[in-house]
1. Testing Ala46 on (1) free of Cβ contacts under 8 Å to residues at least 40 places away in the same chain; (2) among the hydrophobic types (A, V, I, L, M, F, W, C); (3) farther than 14 Å from Cys144 by Cα; (4) surrounded by 13 or more Cβ atoms within 10 Å (Cβ to Cβ), one condition comes back false. Which one is that?
2. Considering only the stretch 83-90, I want to know if a residue exists there that is more than 21 Å from the chain's Cα centre (by Cα) and not in a helix (DSSP H, G or I).
3. So in the stretch 108-139, with the set limited to residues that are within 24 Å of the chain's Cα centre (by Cα) and of a type in the set (Ser, Thr, Tyr), which one is surrounded by the most Cβ atoms within 10 Å (Cβ to Cβ)?
4. Please verify whether the stretch 93-113 includes one or more residues that are on the phi > 0 side of the Ramachandran plot and in contact (Cβ under 8 Å) with a residue 12 or more places away in the chain.
5. Hey, could you check the stretch 98-107 for residues that are under 23 Å from Ala14 (Cα atoms) and either exposed (fewer than 15 other Cβ atoms within 10 Å of the Cβ) or not assigned by TED's automatic domain parsing to the domain that holds Cys144 (or both) and say which is nearest to the chain's Cα centre (by Cα)?
6. Go through (1) loosely packed, with under 13 Cβ neighbours inside 10 Å; (2) at pLDDT below 90; (3) farther than 30 Å from Val67 by Cβ one by one and return the number of the condition Pro166 breaks.
7. Here are some residues: Arg207, Arg202, Arg223. Which one is of a type in the set (Lys, Arg), modelled with pLDDT of 90 or more and surrounded by 15 or more Cβ atoms within 10 Å (Cβ to Cβ)?
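The values are calculated or read from the model by the stated rules, or taken from the named source; none is laboratory data. Everything numeric here is computed off the predicted structure, so don't read it as measured data. Cβ: placed from backbone, ideal geometry, glycine included. Neighbour counts: every protein chain shown.
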Amino acid sequence: MVATRNPLNIGAAARAMANFGVSQLRVVNPYDVAFREARSAVGAAALLRAAEQYDSVADAVSDCRLVVGTTAVGHRELQHSIRRLEYGARLILRGLGRGPVALLFGSEKFGLSNDDLSHCHWLMRIPTVSQNLSMNLGQAVALCLYELARDPAAAKPNAVRQRVTPARAGEIEQCTRLLLEVLGRGGYTKPVTAVSTEEKVRRLVRRLSISGRDAPVLLGMLRQILWKLDHP
């Protein structure tokens, strides 16, 4: 973190690092030398106390094989390649296999200076709605570290549903029949439209993708409703 103005942002960054398993924080010329006591570092006080302080970006990244700067772009004319967060995170993860990687964040007011950027191999940006509006520094750190830590497989469609056993067709039909009976007893089903209503309800119940674990619960609920209709 370079020339950070508010110590609370350094504390928030330390908290995000602790959340996502990143342990080494390096600070370059912070405005407030008392940043190590920031109250925002909930659960990350030890990490904040161990933060290394440097006088220059060059010293802070001297042992790193890849240096990535973050930027909101704005109106600046940048000479570096810029990657979106999603793609940039994948490149950083590959780089970690070859040695230490530095992820640079600039001051809240000005971001990284041109001199700071000259130490970077390329830049990464968070895709916000407006490129001219920068994010809060602590939030930006948390988003970048989340993208590095998340499991891409968890975002695949039906990743959770594949582990759920669907209800049998007979159970689904039981639910359908009891629901139709409840609807009929409650006055929802009309004689003129009974056939089309039954078809719609049958399709609706199947779109619910009821699991084998939930089918008995739903059947019990519907039976209880019918019992109450018989015993007002």
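1. (4)
2. No: zero hits.
3. Step by step, filter the stretch 108-139, then rank; the result is Ser134.
4. Yes, the stretch 93-113 has at least one match.
5. Among those that are under 23 Å from Ala14 (Cα atoms) and either exposed (fewer than 15 other Cβ atoms within 10 Å of the Cβ) or not assigned by TED's automatic domain parsing to the domain that holds Cys144 (or both), it is Pro100.
6. (1)
7. The match here is Arg202.
Condition check ((1) assigned to a helix (DSSP H, G or I); (2) at pLDDT below 80; (3) of a type in the set (S, T, N, Q); (4) touching a Leu at 6+ places or on another chain (Cβ under 8 Å)) across all residues:
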{"site": "Val129", "(1), (2), (3), (4)": "no, yes, no, no"}
{"site": "Asn132", "(1), (2), (3), (4)": "no, yes, yes, no"}
{"site": "Ala140", "(1), (2), (3), (4)": "yes, no, no, no"}
{"site": "Ala153", "(1), (2), (3), (4)": "yes, yes, no, no"}
{"site": "Gln162", "(1), (2), (3), (4)": "yes, yes, yes, no"}
{"site": "Val182", "(1), (2), (3), (4)": "yes, no, no, yes"}
